[in-house]
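Student: Would you mind keeping the following structure in view while I ask a few things?
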Amino acid sequence: MNENASNDNIRYPRTVFIRRHSIITRFTHWLNVLCLSFLLLSGLQIFNAHPELYWGQYGADGDPAFLTIGADDAGDKPQGFVRIAGLKSPTTGVLGVSNVDGEPTKRAFPEWITIPSFQDLAVGRRWHFFFAWLFVINGLLYLGFSLVSGHLRRDLAPKTEELSPRHLGQEVLDHARLRFPKGEKARHYNSLQKLTYLAVIVVLLPLMVLTGLTMSPGVDAAVPVLVEIFGGRQTARTIHFITASGLVLFVVVHVAMVILSGTWNNIRSMITGRYAIREEGPNA
């Protein structure tokens, strides 16, 4: 009786806080942010040393590349360009040619987006390898926790009904209209989130790590089958670049969704674990 009276006294709508993310999820998330930032910026430094991508057994200067970021000597100043599968577009000032100390300089990616800012392949590789191994260790920690705690099965694995074309189509439409889950539905990841996170965890990140290992001569000597699986080191390098680009795209969309669905609420949940939802009441 007292319990019913207590429930009757609850005023709706109301805001309640739920535990959205565990401490391990939050820790590994922010460590991933750090690692991926340094991996991207140092990776662009490494790419600058040979700004071309090949497929198969090609890879030496003069071989046909399907992607090139370079510069032509035209007149007094070099002209930057990006060439993809034979299609060439001018990119002076952004890619191919950028200003260094006020002078146009041939460089695939500009100094403000690489680590280090000056062209140094050896230093870039040291930064890249350090954060690559930290990233792998952090990923194994998250994966191990997710399996042991049931996080992967409970929170990320989509249910059968969530995979129906009708359900997925409705969620796509809701996202396009910026209608995000509220109330009880906001307690859990939606189907699009689950599928996207699983694609990143199960496909994108493992591919990026394995292709990165394939480019290492030491790993090639110890595990030569990796080179065969990816069809050569240059193909592995290309897949590595593509998966890194896919990850950048994921981060851009992810940040956009965080902002559109409630910046502070999402950030707070990834710092403290507390996520606010609005309850409309039992009869709403």
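The values are calculated or read from the model by the stated rules, or taken from the named source; none is laboratory data. This structure is a prediction, so every number in the text was calculated from the model and none was measured. Backbone-built Cβ (ideal geometry, glycine too); neighbour counts: all protein chains shown. Keep in mind that these areas ignore ligands, DNA and RNA; they rest on the heavy atoms of the full protein, side chains included. Shrake-Rupley method; radii C 1.70, N 1.55, O 1.52, S 1.80 Å.
Student: Largest first, what is the accessible-area ranking of I239, I23 with a 1.4 Å probe?
Tutor: Values: I239 30, I23 115 Å².
Highest to lowest solvent-accessible surface, that is I23, I239.
Student: Here is a further query. For the chain, list the DSSP H helices whose alpha carbon atoms reach 27 Å or more along the long axis and whose average Kyte-Doolittle value is 1.0 or above?
Tutor: Numbers: long enough: 23-49 (40 Å, 1.28); 121-149 (41 Å, 1.24); 233-260 (40 Å, 1.46).
Qualifying helices: 23-49, 121-149, 233-260.
Student: Leaving ligands and nucleic acids out of the surface, order K77, K182 by accessible area at 1.4 Å, largest first. Mind dumping the intermediate values first?
Tutor: Details: K77 125, K182 160 Å².
Ranked from most to least accessible, the order is K182, K77.
Student: Sticking with this one: Using a cut-off of 27 Å between alpha-carbon atoms, which lysines can reach K77, once sequence neighbours fewer than 8 places away in the same chain are excluded?
Tutor: Partners within reach: K88, K106.
Student: Let me ask you something else. If I model a spin label at D73 and E228 as a point 7 Å from the Cα along the Cα→Cβ vector, what separation in nanometres do I get?
Tutor: 4.6
Student: Largest first, how would E161, E52 line up by accessible area (1.4 Å probe)? Before the final figure, lay out the partial values.
Tutor: Working: E161 115, E52 35 Å².
Final ranking, largest accessible area leading: E161, E52.
Student: Tell me, what is a quarter of the convex hull surface for the C-alpha atoms of the chain, in nm² with one decimal? Display every interim value, and only then the final one.
Tutor: Values: hull surface 83.3 nm².
The orientation-averaged projected area of the Cα hull of the chain comes to 20.8 nm².
Student: Carbon and sulfur together cover what percent of the accessible area of the chain at a 1.4 Å probe radius? Before the final figure, lay out the partial values.
Tutor: Values: 11030 of 17330 Å².
That share works out to 64 percent.
Student: Could you report the range 56-193's accessible area per residue, 1.4 Å probe, as an integer in Å²? Walk me through the numbers before you get to the answer.
Tutor: On the way: 9100 Å² over 138 residues.
Heavy-atom accessible area per residue stands at 66 Å².
Student: Could you check the spin-label model distance between T15 and V253? Points 7 Å from the Cα along Cα→Cβ, value in nm.
Tutor: Going by the 7 Å Cα→Cβ label model, 3.0 nm.
Student: GluC sites (Glu not before Pro) within the range 180-284: which are DSSP loop residues with at most 14 other Cβ atoms inside 10 Å? Show your work: numbers first, answer last.
Tutor: Values: sites: E184, E228, E279, E280; in loops: E280.
Sparse-neighbourhood loop GluC sites (Glu not before Pro): E280.
Student: Roughly how much of S216 is accessible, in Å² to the nearest 10, using a 1.4 Å probe?
Tutor: 40
Student: A further question on this structure: What are the chymotrypsin sites (Phe, Trp or Tyr not before Pro) within the range 109-166 that DSSP puts in a loop, where the Cβ has at most 12 other Cβ atoms within 10 Å?
Tutor: The qualifying sites are F118.
Student: Projecting each Cα onto the charge dipole of the chain (Lys/Arg +1, Asp/Glu -1 at the beta carbon, about the Cα centre), which of T214, S37, S98 comes out farthest on the positive side?
Tutor: Selected residue: S37.
Student: Here is a follow-up. Which lysines have a Cα less than 23 Å from the Cα of K182, not counting those fewer than 8 places away in the same chain?
Tutor: Result set, ordered by chain and number: K159, K194.
Student: Within the range 51-78, which residues have the backbone N less than 18 Å from the label spot 7 Å out from I242 along Cα→beta-carbon, could you tell me?
Tutor: Of the residues in the range 51-78, 52-59, 64-69 have backbone N under 18 Å from the label point off I242.
Student: In whole angstrom, and with the biggest value first, how far do the Cα coordinates of the range 52-108 range along each principal axis?
Tutor: For the range 52-108, the Cα spread along each principal axis is 39, 19, 18 Å.
Student: Taking the Cα centroid of the range 221-244 and of the range 75-111, what is the distance between the two, rounded to the nearest whole Å?
Tutor: 28
Student: Please work out the average accessible area per residue across the range 209-284, using the 1.4 Å probe convention, and give it in Å². Numbers along the way, then the final one.
Tutor: Details: 4130 Å² over 76 residues.
On a per-residue basis, the range 209-284 sits at 54 Å².
Student: GNM, the chain, Cα, under 10 Å: largest mean-square fluctuation among G43, G59, G183?
Tutor: G183
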